[in-house]
Structure formats: C-alpha cells, structure tokens
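A short worksheet on the structure shown next.
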Amino acid sequence: MAVTTDTAARFGQFAHPERLVSTEWLAEHLGDPGLVVVESDEDVLLYETGHIEGAVKIDWHTELNDPVTRDYLDGEGFAELLSRKGITRESTIVFYGDKSNWWAAYALWVFTLFGHSDVRLLDGGRAKWAAEGRELTTEKPSIERSDYPVIERDDQSVRAFKDDVLAHLGNPLIDVRSPEEFSGERTTAPAYPEEGALRGGHIPSAQNVPWGKAAAEDGTFRSREELEAIYLDGAGLKPDDSVIAYCRIGERSSHTWFVLTHLLGLEGVRNYDGSWTEWGSAVRVPIVKGSEPGAVPGR
Amino acid sequence: MSLPRRLSDIRDEFLELEGEDRLQLLLEFAGELPELPERLKSDPGMTERVDECQAPVFIALDLDAEGVHMYASAPREAPTTRGFASILVQGIEGLTAEELRDVPADYPQMLGLNELVSPLRVRGMTGMLGRAKRQIALKSAA
C-alpha cells in the first residue's frame, strides 16, 4: 500500500484493521502523497458547506449511478470520473461522510466493484471530525487530472442481483432496514402514497438487523465483541456463511457489508443493491409480512 | 395555469445559471431559511414532518388576511433540504389559498435541478409542496 496504515490499537481487534483510519491519523496524514480523501454524503450540498482540506466530493446519485439504466457506472465512466477527481489506480482512498458513513460505505462498496484495492473508511465519519473541532474548509481542492485505467466492473463477488437472491434462499439474508420497513407496516401518513415499492414486508427468512446498530453513539464502529454479539449471536450468522444484505436501494446495506466483510472477516458477503425497491415491486417473488423472518418457501 | 410571480422569478434565477452555480444558488437559499417562530418551536405538534425528505424536515403553514405563510425547519447538516424549504417559504409567501392550490405540483421539476441534485432528492421538495397545499386546503375549508 502506498500510504501507511493506521495502527491504532482499537482497530487491531478487527479482521481487516487496515480498512479503518482514525480522525487523528487522517489529520496527521492529510497531504501525504498517494492519499486521496473522498467525501460522500446523503446531502448533495453538505460538502459545499465545508469539507476536510483537500477532500474531493463524490455524489452517489449524480456521479456513481448510470443516468439512464438502473445500474452503476461502467468501466469507462468510472475511469473518467476517477481521472477527473485526480485518483489513480494506486491511490489510497479514505472515504468519509455524514450519517455514520452510510454513504461513504456505499461509495467504498462501488469502488470495490471495480477492484480498487486500497479503500478505507474514516471511523466516525464527518460528524466525529467536526465534533472534535477539526477544520473544515470551503476552499476547493486543486485537482490534477489523472489517468485512471478502464476496469471492467465485477458484478459477481460482492454484488447480488434478484435472481442471485432467489437462488440464495435458504442461506442467510440480512435486512438492514428499520423494523417498520421490515414488517411491512406503512410508515407514511394517510393520504400520501407509499413511494418506491408496491408491496411491504421482507424477503423470507431474512434477519432484521438495522444497519445503525453497528455504530456507536459517536458514529464510530462498535467493538468486535459487540458486533459479534449483534451479527453472530443475535442474527445467527456463522463465520463461513455466505450472506446477502439488502435494504431499500442498497446504500444502508453497504454499511453492513463493510462491517461483515472488513470488520468481522466474513468472506463472500454480497450486497443486493436492487433491494426492496426492486423486490417489493417484482412479480411473484416471495414476501413475508410481520416481524418474524418467516420460512423459506418450497421450490 | 400561470405560475405566481415569486415562484417564476425563482425558477428563472435557477435556469439562468448552469451546473455548479445552480447548486451554489440552492446553497444560498439554504442559508436564507429563517428560524421557526418561537410559538412553533415550543410546540412540535404545530408542525408536520415531511416523510418524502431524507432529512428530518418539519413544516407549518398559516393562512391569514395577508395570505399564506410557510415555516420550515431542517438540520444544518441537510443544506439541500433547507434549500428546498427556503425556496417554498419565499416562493409562496402571501399567496392566496387559491393561488397556492393552483401552483403546479411539479414546480420542483422546473428548477433544472434533476440532473444536478437527482430526481429522488427533488422528490423531497415535491412532497413538501404537496403537504403545504394540503395544509392550506384544510385550513381554508375549515
């Protein structure tokens, strides 16, 4: 790796400690050659109100999605985007963002589809950086265009499509949405249409573990022991399980994918980005309502 | 159906700009969103949550002799949502109930923000406008 890893003791407990950096570490290493800091937020304007010095913005809505097909950028689009952001294939990328890194984890996951190897999260994200009184600036970074290669996206290793989920039934599924979304009860006020999916509920046998459980109050990740209690003891996952995580559009489940893959070290965890907005509108896929996971339908 | 003057002025302001500048204008609107009046701050029951927005945003509407007044609150960390709210607060101030009713439901689509901000996010503003219309319709029917 081009840039040293954060050897903070508290990351040592995780399966892949090199995937996290602390705010202290980042403050010390800002400007290191080979390091690119990327801010990715839910709010498309938050970066403009102030960001970590030198950080570039990547917006999932407007930059990571294909504008026509419901899909991510292709290899050429990704190469153009990253070249514009001054990122090379060798860059160490530290992602951070709002909402306990929800969107930062999503961007990291999309970069993983293209096999960008050195991707890390800032533990605690934007909120922790700001809470510690560290500097945010509105000054635009000066970016020197790079020449990122065209890499074919790998849609097999960490991504699942609807048919993959159907074939996967009987193996562990984690639904990371809120309990109300999981049970399928309406959450919108009367007289307003439910937007996004035609049916409520969840994929049969899915365990409901809202994504935010993985984050402590200050937005940092919970300890390995706590995470194991949630996902292994609580949701019944085993270290060698093949797991698919999903939510509404695949963003919150990227966060859980990060936790399962990089912090707990499960291999073969996939994120179903079609998620409920696809499943809940698809014809004839099995759905369970209520707070119980429900049984896998016979085939 | 004609667009009320203030709303059409705001639309023109956006459409005169391009790309980044259009986003900057939205950010300026975000900065202009007034605080909720004290009477609304102290009584959360007076405001309605807009579920279509990703960030928690609350709106309240009044109708009096001077027309419609809209109030909104959204967190500092949600400048886009604040910008949307601010556009509506400024744009529908003083309209009659009928004028607000006749504001096209797709006004948010007219600001040229779909590509810059994304259709999903713009939907939050559509939800806000729909709820504002509904609150005033209920008040004027009462």
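Numbers at a glance
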item	result
Qualifying residue in segment A:114-129 (condition: among the basic types (K, R), farther than 27 Å from A:S223 by Cβ and assigned to a helix (DSSP H, G or I))	no
Test: A:D233 is out of contact with any helix residue (DSSP H, G or I) (no Cβ under 6 Å at 6 or more places or on another chain) and either among the β-branched types (V, I, T) or farther than 23 Å from A:A104 by Cβ (or both)	yes
Residue ID - farthest from the chain's Cα centre (by Cα), chosen from residues in segment A:73-112 that are within 13 Å of A:W257 (Cα to Cα) and of a type in the set (V, I, T)	A:T112
Helices (runs of 4 or more DSSP H) within segment B:50-142 that include 1 or more residues touching an Asp or Glu at 6+ places or on another chain (Cβ under 6 Å) and over 21 Å from B:R5 (Cα atoms)	B:79-92, B:119-141
Test: B:L113 is modelled with pLDDT of 90 or more and not β-branched (V, I, T)	yes
Verdict on A:R134 being in a loop (DSSP other than H, G, I, E, B) and either without any contact (Cβ under 8 Å) to a residue 40 or more places away in the chain or of a type outside the set (D, E) (or both)	yes
Within segment A:137-173, tally of residues that are part of a loop (DSSP other than H, G, I, E, B), in contact with a Gly (Cβ under 7 Å, 6 or more places away or on another chain) and over 30 Å from A:L237 (Cα atoms)	9
First in segment B:24-46 and away from every other protein chain (no Cβ under 14 Å), second anywhere and loosely packed, with under 12 Cβ neighbours inside 10 Å and assigned to a helix (DSSP H, G or I), Cβ under 8 Å, 6 or more apart	B:M46/B:R39
Residue within segment A:84-94 that is within 14 Å of chain B (Cβ to nearest Cβ), touching a helix residue (DSSP H, G or I) at 6+ places or on another chain (Cβ under 6 Å), modelled with pLDDT of 95 or more and in a helix (DSSP H, G or I) present	no
A:E48 being on the phi < 0 side of the Ramachandran plot, part of a helix (DSSP H, G or I) and either polar (S, T, N, Q) or surrounded by 19 or more Cβ atoms within 10 Å (Cβ to Cβ) (or both)	yes
Filtered residue count, segment B:68-87, keeping only those that are within 15 Å of B:L111 (Cα to Cα) and either surrounded by fewer than 24 Cβ atoms within 10 Å (Cβ to Cβ) or without any contact (Cβ under 8 Å) to a residue 40 or more places away in the chain (or both)	1
Members of segment A:42-72 found to be within 17 Å of the chain's Cα centre (by Cα) and in contact (Cβ under 8 Å) with a residue 24 or more places away in the chain, listed by number	A:E42, A:D43, A:I58, A:W60, A:L64, A:Y72
Residue selected from segment B:75-120 under the condition more than 15 Å from B:E28 (Cα to Cα) and small (G, A, S), by the criterion nearest to the other protein chains (Cβ to nearest Cβ)	B:S118
Positions within segment A:21-55 being more than 14 Å from every other protein chain (Cβ to nearest Cβ) and touching a Pro at 6+ places or on another chain (Cβ under 6 Å), in sequence order	A:G54
Checking A:L232 against (1) under 24 Å from A:K99 (Cα atoms); (2) outside any loop (DSSP other than H, G, I, E, B), the condition it does not meet	(1)
Residue check for B:D21: under 27 Å from A:H51 (Cβ atoms), of a type in the set (D, E) and out of contact with any helix residue (DSSP H, G or I) (no Cβ under 9 Å at 6 or more places or on another chain)	yes
Whichever residue in segment A:57-66 is touching a strand residue (DSSP E or B) at 6+ places or on another chain (Cβ under 8 Å) and either at the interface with chain B (Cβ under 10 Å from one of its Cβ atoms) or surrounded by fewer than 21 Cβ atoms within 10 Å (Cβ to Cβ) (or both) and, among such residues, is farthest from A:G250 (Cα to Cα)	A:K57
Only listed residue being of a type in the set (S, T, N, Q), surrounded by fewer than 18 Cβ atoms within 10 Å (Cβ to Cβ) and under 24 Å from A:V110 (Cα atoms), chosen from A:S178, A:S223	A:S178
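Here's the yes/no breakdown for (1) more than 28 Å from B:G130 (Cα to Cα); (2) part of a loop (DSSP other than H, G, I, E, B); (3) in contact (Cβ under 8 Å) with a residue 40 or more places away in the chain:
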site: A:A197; (1), (2), (3): no, yes, yes
site: A:E228; (1), (2), (3): yes, no, no
site: A:G236; (1), (2), (3): yes, yes, yes
site: A:I244; (1), (2), (3): yes, no, yes
site: A:H262; (1), (2), (3): yes, no, yes
site: A:T277; (1), (2), (3): no, no, yes
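The values are calculated or read from the model by the stated rules, or taken from the named source; none is laboratory data. Fair warning: this is a prediction, and the values are worked out from it, not measured in the lab. Backbone-built Cβ (ideal geometry, glycine too); neighbour counts: all protein chains shown.
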